């Protein structure tokens with residue numbers, strides 16, 4: 001059993017690291033031609049030999065803190081070289097098979113793209129008035145419309161301020177200003193001269209690719 005850091009394929013235990021890199025070098029030298037890459041460079045193998053020697057010395061009964069520090073420094077250099085070789089020649093190489101990666105105890109990446117669904121439900125908001133010229137929108141799902149959280153990355157709020165003589169919007173399509181949010185609550189603070197005017201809002205879900213769902217119901221309130 002290999003001891004590894006969380007979410008890291010490189011063993012942290014000295015003995016496990018030694019065995020893993022020894023096998024990695026041997027395996028890569030045997031199959032690098034099939035993968036279409038260069039074998040592990042001499043510098044990499046030199047760092048492995050250096051770590052092996054310093055690990056052996058640090059484990060001797062009469063070793064001291066200087067020996068352990070030297071071993072840790074050699075270990076850090078070796079880990080960097082191993083990571084550079086794996087990431088540069090193996091990790092995303094399509095000629096390296098899943099069986100190869102499992103044999104080398106490397107992570108197998110999912111190459112099948114995750115489907116991002118289009119939003120199909122609607123969102124709306126309830127309004128509160130926390131202060132002068134302020135409106136707080138609490139976004140919620142419109143009951144009765146389809147709910148699929150995988151498609152609802154966030155919401156785009158369309159908003160506009162209309163004076164008494166202005167033609168009010170009939171739907172969100174008539175409102176030009178917008179802001180994207182992933183928060184459930186969004187505070188709008190308007191200018192002092194907007195007090196007494198009407199603010200209109202309309203919300204659409206958006207997925208992670210920016211595809212918008214259906215328009216939600218139009219909402220409005222008098223700006224305090």
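The values are calculated or read from the model by the stated rules, or taken from the named source; none is laboratory data. As the structure is a prediction and not an experimental result, all values here were calculated from the model. Positions of Cβ are backbone-derived with ideal geometry, glycine not excepted, and every protein chain shown enters the neighbour counts.
For segment 46-67, what are the residues that are in contact with a helix residue (DSSP H, G or I) (Cβ under 6 Å, 6 or more places away or on another chain) and within 19 Å of residue 19 (Cα to Cα)?
Across segment 46-67, the qualifying residues are 47, 48, 50, 51, 54, 55, 57, 58.
Residue by residue, here is whether (1) in a loop (DSSP other than H, G, I, E, B); (2) over 14 Å from residue 106 (Cα atoms); (3) within 31 Å of the chain's Cα centre (by Cα) holds:
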residue: 21; (1), (2), (3): no, no, yes
residue: 24; (1), (2), (3): no, no, yes
residue: 43; (1), (2), (3): no, yes, no
residue: 57; (1), (2), (3): no, yes, no
residue: 81; (1), (2), (3): no, yes, yes
residue: 85; (1), (2), (3): no, no, yes
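Which one of 92, 105, 182 is surrounded by fewer than 14 Cβ atoms within 10 Å (Cβ to Cβ) and farther than 25 Å from residue 216 by Cβ?
Checking each option against the conditions leaves just 92.
Would you confirm whether any residue within segment 145-154 is surrounded by 13 or more Cβ atoms within 10 Å (Cβ to Cβ) and more than 17 Å from residue 204 (Cβ to Cβ)?
no
Would it be correct to say that residue 39 is within 30 Å of residue 95 (Cβ to Cβ), outside any helix (DSSP H, G or I) and free of Cβ contacts under 8 Å to residues at least 40 places away in the same chain?
Numbers: within 30 Å of residue 95 (Cβ to Cβ): yes; outside any helix (DSSP H, G or I): yes; free of Cβ contacts under 8 Å to residues at least 40 places away in the same chain: yes.
So residue 39 fits the description; yes.
Mind counting the residues in segment 129-170 that are more than 18 Å from residue 196 (Cβ to Cβ) and in a strand (DSSP E or B)?
Residues flagged as more than 18 Å from residue 196 (Cβ to Cβ) and in a strand (DSSP E or B) within segment 129-170 amount to 11.
Kindly indicate the residue of segment 171-208 that is within 21 Å of residue 145 (Cα to Cα) and assigned to a loop (DSSP other than H, G, I, E, B) and also modelled with the lowest pLDDT among those meeting that condition.
208
Going through segment 184-201 one residue at a time, which ones are over 12 Å from residue 136 (Cα atoms) and touching a residue at least 24 places away in the same chain (Cβ under 8 Å)?
191, 192, 194, 195, 196, 197, 198, 200
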